[in-house]
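J.: Mind having a look at this structure? Questions to follow.
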Amino acid sequence: MTAPLPIIGRDGGGDAPAQRTARGFVVALHAAVRAVRLYPIENSAVQKAITELVSSAVRVALADGPCRLQRIGDYLFVNETRLRLTLDNYAAVAYVLGLLREAGLGGFAVTAPTTPRDWVVLLAFLQAPPLEYPEEQRLGQLLTRVEQAGVECFDCFSPIDDTDQPGPLMDVKERSRQTYVRSIDVTREVMSSVRFGRSPGLKRVKRAVQGIVDAILTDPASLIGLTTLREFDEYTFVHSVNVSILSVALGRRLGFTRPQLLDLGLAALLHDVGKSRVPLDLLNTRGALDAQERALLQTHTWQGVLAMFAMPSTGADHPWRAMTTAYEHHMRVDLTGYPKPFRSRRLSLFSKIVSVADGFDAATTSRASSEPAWTPADVLRGMRDDTRLGFDPVLVKAFINLTGIYPVGTLVVLDSHALALVVAANPDPTALSRPLVRLITDALGNALVDPQVYDLTARDASGQFANSVIGTEDPQRYGINLRDYFA
């Protein structure tokens, strides 16, 4: 093999003690809030979560002074440590960010020894913010509630205007992670607002889409790599973000301008917003749906249109293309699928692009309501060869040109019998079957300590390809966690 290519490397360096302590506090806070939301106070799960939260705050204080959690823009700080995002903590970070934002809170400091009751009071008020008040008035209402409950060990403060703050320096992979987490946070906020009958604005959504477009235009490999990491608990939100990323990447391959990519990314991010009007127990159903359940789920297409009509915006700023995409993304090119059209129509290009991205991400994701996920290579093969699936064949071909025959995240077996993970499509458009891979085992199956990236177009001294792909495998079968290589 040739020398490794330094294009996509793993994060260097270990996890600093301050970073571990900060992460532990935020993860414990996330767990405690969810426990308080789901169970009665006397439940053992709540008691255990609160006890761990108290302990984690003490660990922060012992290591770095009085515990202080602060939100600055889309970043969380525990004392002076900015929490570095990883795919292991993104759910907790995004949840806590959203919690503080809805409460109109910039953060809080622990100013005196706390009891479990103190934390229960604070968290109970945080998870039920006074939404009837404007955001700038919610902090005052929160402080009044906490004081009336006799809790005096927290100092809650207003958000800092992050437009005046210098942006932290981040490497390419961390910027991609930040974009990804921010997008999930925004999608969760929008869908939660729709589910509870509120009308979310589009300002934050458009900012999230701008981040996706910027990342795709500057470093698509890092952001596309994150779409391989999927969580069932966050499926609806993560799926929407993945579809937006893949759609924008495909639009870039098709030569779209930046304004067109922004419109496409917005349409893709909101394509499933109608699911917020579908009962949660139906979305989380395990196994096959009956005819009535299937019909109810299929209403999410036109429910999405209604949800977007309710979003406050001017006529010129209304997401008209996103509405069309939400309505059409489950229609096939022959107009079968759903919903059934009343008259002949031509599907929009955005709808057909989002349909391809949506089908690929859904089929490669293992969910409670479906069969185990297919390998990415098998999904592409099916989308290309099975016309009954109803995808636009030209767009499928363009998508394969984007991802390569072996998309990012595919575990491949080389002719040396070594295992490797695909980390990027080969930049040579004539080498779709020869991606850039990270070699993770040797020919005997021994895990490599420092996996390196190789270009499978490399040739040996005789002019033959040094290595070729002879098959694909399921990473879970070999105990391979994609987080270790893409998070």
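J.: Angle check, please: helix 172-195 long axis (alpha carbons) against the longest principal axis of the chain (alpha carbons), in degrees 0 to 90, nearest 10.
T.: Orientation of helix 172-195: about 70 degrees from the principal axis.
J.: Return the percentage of antiparallel bridges among DSSP beta bridges fully within the chain, rounded to the nearest 5 %.
T.: Working: 31 of 32 bridges.
Percentage antiparallel, nearest 5: 95.
J.: Mind giving me the nanometre distance, one decimal, between the label points for Trp302 and Tyr478, set 7 Å out from Cα along Cα→Cβ?
T.: Roughly 4.9 nm, to one decimal.
J.: Then there is this: Test of understanding: ordering Glu52, Glu147 by Cβ neighbours within 10 Å, fewest first, what list do you get? All intermediate terms of the calculation are to be shown ahead of the outcome.
T.: Numbers: Glu52 18, Glu147 10.
Least to most surrounded, the residues fall as Glu147, Glu52.
J.: If you rank His417, His300, His318 by fewest surrounding Cβ atoms within 10 Å, what's the result?
T.: His417, His318, His300
J.: Between rounded, prolate and oblate, where does the range 81-125 land on the alpha carbon gyration tensor, with a ≥ b ≥ c its root eigenvalues, rounded for a/c under 1.5, else prolate if a/b exceeds b/c? Before the final figure, lay out each step's value.
T.: Numbers: a/c = 1.97, a/b = 1.64, b/c = 1.20.
In terms of gyration-tensor shape, prolate.
J.: Which whole-number percent gives the relative contact order of the range 17-104, counting Cα pairs below 8 Å spaced six or more residues apart? Write down the numbers at each step before the final one.
T.: Working: 86 pairs, mean separation 29.3, N = 88.
This gives 33 percent for the range 17-104.
J.: Also, I was wondering about something else. If one takes the longest principal axis of the Cα atoms in the chain, at what angle in degrees, from 0 to 90 and to the nearest 10, does the Cα axis of helix 90-102 lie?
T.: So the helix axis and the longest Cα principal axis differ by about 50 degrees.
J.: Cα to Cα, under 24 Å, and not fewer than 8 places away if on the same chain: which lysines meet these conditions relative to Lys173?
T.: Leaving aside lysines fewer than 8 places away in the same chain, those within reach of Lys173 are Lys206.
J.: How many percent of Cα pairs in the chain exceed 41 Å?
T.: Numbers: 27993 of 118341 pairs.
Value for the chain: 24 percent of Cα pairs lie more than 41 Å apart.
J.: Pairing the Cα long axis of helix 44-64 with the longest principal axis of the chain, what angle in degrees results, from 0 to 90 and rounded to the nearest 10?
T.: 90
J.: Counting other Cβ atoms within 10 Å of each Cβ, which trypsin sites (Lys or Arg not before Pro) in the range 177-225 have at most 15 and sit in a DSSP loop?
T.: Working: sites: Arg177, Arg182, Arg188, Arg195, Arg198, Lys203, Arg204, Lys206, Arg207; in loops: Arg198.
Sparse-neighbourhood loop trypsin sites (Lys or Arg not before Pro): Arg198.
J.: Rounded to whole Å and sorted largest first, what semi-axes of the equivalent ellipsoid does the C-alpha gyration tensor of the range 225-275 yield via the square root of 5 times each eigenvalue?
T.: Values: eigenvalues 92, 34, 6 Å².
Values for the range 225-275, descending: 21, 13, 6 Å.
J.: Here's something else I'd like to know. Using 17 Å as the cut-off for backbone N distance, which residues of the range 373-398 belong to the label zone defined by a point 7 Å from the Cα of Asp334 along Cα→Cβ?
T.: Backbone N within reach: 383-394.
J.: Would you please give the FRET efficiency between Ile470 and Thr218, computed as 1/(1 + (r/R0)^6) with r the Cβ-Cβ distance and R0 = 56 Å, to the nearest 0.05?
T.: For Ile470 and Thr218, the calculated efficiency is 0.95.
J.: If a paramagnetic tag sat 7 Å from the Cα of Ser199 along the Cα-Cβ line, which residues of the range 317-355 would have the backbone N under 16 Å from that point?
T.: 317-320
J.: To the nearest 0.05, how large is the calculated FRET efficiency for Gln148 and Thr115 if R₀ is 22 Å and r is the Cβ-Cβ distance?
T.: Numbers: r = 17 Å, r/R0 = 0.78.
That gives a FRET efficiency of 0.80.
J.: Applying a 10 Å radius around every beta-carbon, put 344-356, 105-117 in order of their mean neighbour count, most first.
T.: Details: 344-356: 19.5, 105-117: 16.5.
Descending mean neighbour count gives 344-356, 105-117.
J.: Just how far, in whole angstrom, is the range 427-487 from the range 227-296 if you go by their alpha carbon centroids?
T.: Taking the Cα centre of each part, the range 227-296 and the range 427-487 sit 30 Å apart.
J.: Starting from the range 241-300, pick out the trypsin sites (Lys or Arg not before Pro) whose DSSP state is loop and whose Cβ has at most 15 other Cβ atoms within 10 Å. Present the calculation step by step, with values, prior to reporting the outcome.
T.: Numbers: sites: Arg252, Arg253, Lys275, Arg277, Arg286, Arg294; in loops: Arg286.
In loop regions of the range 241-300 (DSSP not H, G, I, E or B), the sparsely surrounded trypsin sites (Lys or Arg not before Pro) are Arg286.
J.: Report the far tail of the P(r) of the range 17-164, meaning the percent of Cα-Cα pairs longer than 23 Å. Don't skip to the end; give the middle numbers.
T.: On the way: 3218 of 10878 pairs.
Summing the P(r) tail past 23 Å for the range 17-164 gives 30 percent.
J.: At 222 nm, what helix-only mean residue ellipticity would the chain give, in deg cm²/dmol to the nearest 500, using -39500 (n - 2.57) for each DSSP H run of four or more?
T.: Working: 18 runs with 230 residues, N = 487.
The per-residue figure over the chain is -15000 deg cm²/dmol.
J.: Just want to confirm a number: the relative contact order over the chain, from Cα pairs under 8 angstrom separated by 6+ residues, in percent. Please list the in-between numbers first.
T.: Details: 777 pairs, mean separation 62.2, N = 487.
About 13 percent, as a whole number.
J.: Quickly work out the Arg346-to-Asp317 label distance, labels modelled 7 Å from Cα along the C-beta direction, and quote it in nm with one decimal.
T.: Distance between label points: 3.1 nm.
J.: A follow-up question, please. Under a crude label model (7 Å from the Cα following the beta-carbon direction), how far is Phe157 from Ala443 in nanometres?
T.: My value for the distance between the label points is 6.2 nm.
J.: Using a/c under 1.5 as the rounded threshold, could you call the range 172-402 rounded, prolate or oblate? The axes a ≥ b ≥ c are square roots of the C-alpha gyration tensor eigenvalues, and prolate needs a/b larger than b/c, oblate otherwise. Walk me through the numbers on the way to the answer.
T.: Numbers: a/c = 1.19, a/b = 1.04, b/c = 1.15.
Since a/c stays below 1.5, the shape of the range 172-402 is classed as rounded.
J.: At R0 = 60 Å, how high is the FRET efficiency between Gln127 and Arg459 if r is their beta carbon distance? Nearest 0.05 is fine.
T.: Working: r = 59 Å, r/R0 = 0.99.
Calculated transfer efficiency: 0.50.
J.: Taking the alpha-carbon distance from Lys340 and a cut-off under 22 Å, which lysines remain once sequence neighbours fewer than 8 residues away in the same chain are dropped?
T.: Cross-link targets: Lys275, Lys352.
J.: Going by how many other Cβ atoms sit within 10 Å of their own, how do Arg332, Arg37 line up, fewest first?
T.: Values: Arg332 17, Arg37 13.
Starting with the residue having the fewest Cβ neighbours, the order is Arg37, Arg332.
Every number here is computed from the coordinates shown, using simple stated rules; none is lab data. Predicted model only: the values in this text are computed from it and were never measured. No Cβ is skipped: glycine too gets one built from the backbone with ideal geometry, and neighbour counts run over all protein chains shown.
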